[in-house]
Amino acid sequence: MTGARKPKSREAFDLNMNDAETLVSIAKLLENERINRMRAELRSRIGTALRIPRAKHSALECLENQQVFIAFKPGSAHLRGSLTHENLRPLLRQALVAGCAAVETYVADRTMELLGPVLRAKEKPPVSWN
């Protein structure tokens, strides 16, 4: 049984940094630039398109910025208020953690790539204490 090969240190670093960049992109994507609620006409059109009963159209809410328009169905409108710049910090914090972990993993993996063969060799290199 053969498994997938372990990625080289640089490949693993790139994959891990991609995770960090994805978290930053998601945080930017979820930033709400809309100040006011949706107008009644827009709530009505979206409610109709989503087949939400007319009585619940007023409970529709949205998030909007230059990249996305997200409609929140009735019962989820509270999410709109929590997607502020300040409240998206946990995603950015996790992006920082992912970036630091990528660097840490790269250093450890690269060290083992370079040092491992030396440690496993029958003949050890001479030690100089100069």
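Couple of notes before you dig in:
- Going through (1) under 30 Å from Val107 (Cα atoms); (2) part of a helix (DSSP H, G or I); (3) aliphatic (A, V, I, L, M) one by one, Ala4 falls short only on (2).
- Asp14 vs. criteria free of Cβ contacts under 8 Å to residues at least 24 places away in the same chain and outside any loop (DSSP other than H, G, I, E, B): yes
- Screening the stretch 55-81 for residues that are in a helix (DSSP H, G or I) and at pLDDT 90 or above and picking the one that is surrounded by the most Cβ atoms within 10 Å (Cβ to Cβ) gives His57.
- If the condition is being of a type outside the set (A, V, I, L, M, F, W, C), closer than 13 Å to Ala12 by Cα and free of Cβ contacts under 8 Å to residues at least 60 places away in the same chain, then the stretch 90-130 contributes only Glu104.
- Among (1) free of Cβ contacts under 8 Å to residues at least 60 places away in the same chain; (2) surrounded by fewer than 13 Cβ atoms within 10 Å (Cβ to Cβ); (3) in a helix (DSSP H, G or I), the one test that Thr84 misses: (3)
- Tally, over the stretch 32-51, of residues that are outside any helix (DSSP H, G or I) and buried (at least 18 other Cβ atoms within 10 Å of the Cβ): 2
The values are calculated or read from the model by the stated rules, or taken from the named source; none is laboratory data. Please read these numbers as outputs of a predicted model, since none were measured by experiment. Cβ sites come from the backbone with ideal geometry, for glycine too, and all protein chains shown count toward neighbours.
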